[in-house]
Amino acid sequence: MTGGPHQRYLRTLGTGPPWARHAVGEGAVTPQDQQDRADRAGLLYGFAAYAFWGLVPLFWPLLEPAGAVEILAHRMVWSLAAVGLVLLALRRWSWIRPLLREPRRLGMIALAATVISINWGLYIWGVNSGHVVEAALGYFINPLVSIAFGVLLLRERLRPAQWAAVGVGAVAVAVLAVGYGKLPWIALTLAFSFATYSLAKKRVGLDGLESLAAETAVQFLPALGFLIWLGARGDSTFASEGAGHAALLASCGFVTALPLICFGASAVRLPLSTIGMLQYVAPTFQFALGITVFHETMPPERWAGFSLVWLALALLTWDALRTARRARRELADATARAAALSATVEGGVVPEAGLVPETVISDVATADAAVPDVAVPDAAVPDARPGSISGG
């Protein structure tokens, strides 16, 4: 028995008064069911995005004999084409005209395009030159660098556990410098360039696809000019290594855009704290690939340095989860008090002036102020919007 239109409508939404929910039967979809499905979908999209970024070291060696700079130029050109097609399909163009009227935001986009070019190029070179583990280290320590940026540039205040994590991270870099016989410059450059990129993206305030389109638009002409010059010299591999090689170079746009789309689908479904935890999937995959597939060596001092980095990240994670629980508890308590006050007023009993209302208002304000700080610190997760291009 399907029931009338009203019952079918309630069955779809899972809402309505208790008698109506009982009428539609046990198969009704409740708001909690819808939220659970959204959470599961968000986790799948998020894991897919970060796993894709974590496995991308397997892709760059396929593009040889093209050098890192040629691969980078193709990535810039074909990424704009791929993202442009997605935006065309979604008809999302309204952001362009307002952006062109704001020189400061255009300057931030130019800065973001510059530092992400450094990040992409160094990552591609590092992978194809046998430095996958050190590249993974760069993305492990990126949250710590982002926190340092938050303190130094944004005047953010850290909790004790966050200070401890930054300190342990600094010790880890020193230990790794001893292990490598030099500063791990690839990891540090990747971490600092990506943290700068994330900071610039915050200032721009565009969503992921729009931001990537604007950045690759800045990159497009220099990259295309370089590829034309390379072809004129006869050094381009695009036309000389066969159709398969050309197709792989062109697929750089797909490799860049697909995980970003998955990340965007995840970011609108999951809280920032969950996204902050997922970001460690990519460097973990990269680290595992460096050891098991690329057979890079890991002497004891490097294991010691990486262990300290992981300890620092564990401190950040513990602090974030503890803060999240406290904020949820404070918000629940304040909401319960507000509900009790509302019931009292509706019952015709007005509390004495200056007592309960101010207490409740203060509690709600305190709990509400704590909610945005629930996640990994704001600087540790560079941007809640889609567009954090982790893992090169």
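Of all the criteria given as (1) open to solvent by 60 Å² or more (accessible area, probe 1.4 Å); (2) under 15 Å from His74 (Cβ atoms); (3) in a helix (DSSP H, G or I); (4) not basic (Lys, Arg), the one not satisfied by Phe285 is (2).
Results for (1) within 18 Å of Leu212 (Cα to Cα); (2) under 17 Å from the mean Cα position of the chain (by Cα), shown as yes or no for each residue.
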| position | (1), (2) |
| --- | --- |
| Ala82 | yes, no |
| Val86 | yes, no |
| Trp93 | yes, no |
| Gly107 | yes, no |
| Ser117 | yes, no |
| Ser129 | no, no |
| Ile141 | no, yes |
| Ala148 | no, no |
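Does Ser211 satisfy the condition of being closer than 26 Å to Ala200 by Cα, polar (S, T, N, Q) and surrounded by 18 or more Cβ atoms within 10 Å (Cβ to Cβ)? Answer is yes for this residue.
Would you be able to say whether some residue in region 163-179 is more than 22 Å from the chain's Cα centre (by Cα), in a loop (DSSP other than H, G, I, E, B) and not acidic (Asp, Glu)? For region 163-179, residues more than 22 Å from the chain's Cα centre (by Cα), in a loop (DSSP other than H, G, I, E, B) and not acidic (Asp, Glu): absent. Within region 327-340, residues that are assigned to a helix (DSSP H, G or I) reach partners that are surrounded by 14 or more Cβ atoms within 10 Å (Cβ to Cβ) and of a type in the set (Gly, Ala, Ser) with beta carbons closer than 7 Å, at six or more positions or on different chains, in the pairs Ala327/Ala367; Ala327/Ala370; Glu330/Ala367; Glu330/Ala370; Leu331/Ala367; Ala334/Ala367. Hey, does region 216-229 have a residue that's among the β-branched types (Val, Ile, Thr) and open to solvent by less than 10 Å² (accessible area, probe 1.4 Å)? Within region 216-229 (the criterion being among the β-branched types (Val, Ile, Thr) and open to solvent by less than 10 Å² (accessible area, probe 1.4 Å)), the answer is yes, since at least one residue qualifies. Considering Leu188, Leu227, the condition of being within 22 Å of Ala66 (Cβ to Cβ) and either of a type in the set (Ser, Thr, Tyr) or modelled with pLDDT of 90 or more (or both) is satisfied by Leu227 alone.
Just one of the numbered conditions (1) touching a residue at least 24 places away in the same chain (Cβ under 8 Å); (2) open to solvent by 60 Å² or more (accessible area, probe 1.4 Å); (3) in a helix (DSSP H, G or I); (4) farther than 14 Å from Ile141 by Cα is not true of Glu241: (3). No other residue among Glu26, Glu64 is of a type in the set (Asp, Glu), open to solvent by 80 Å² or more (accessible area, probe 1.4 Å) and at pLDDT 90 or above apart from Glu64.
The values are calculated or read from the model by the stated rules, or taken from the named source; none is laboratory data. The structure presented is a predicted model; accordingly, all values stated were derived computationally and were not measured. Neighbour counts are summed over all protein chains in view; Cβ atoms, including those assigned to glycine, are modelled from backbone coordinates with ideal geometry. Note: accessible area is taken over every heavy atom of the protein model, side chains too, but ligands, DNA and RNA are not part of it. Shrake-Rupley method; radii C 1.70, N 1.55, O 1.52, S 1.80 Å.
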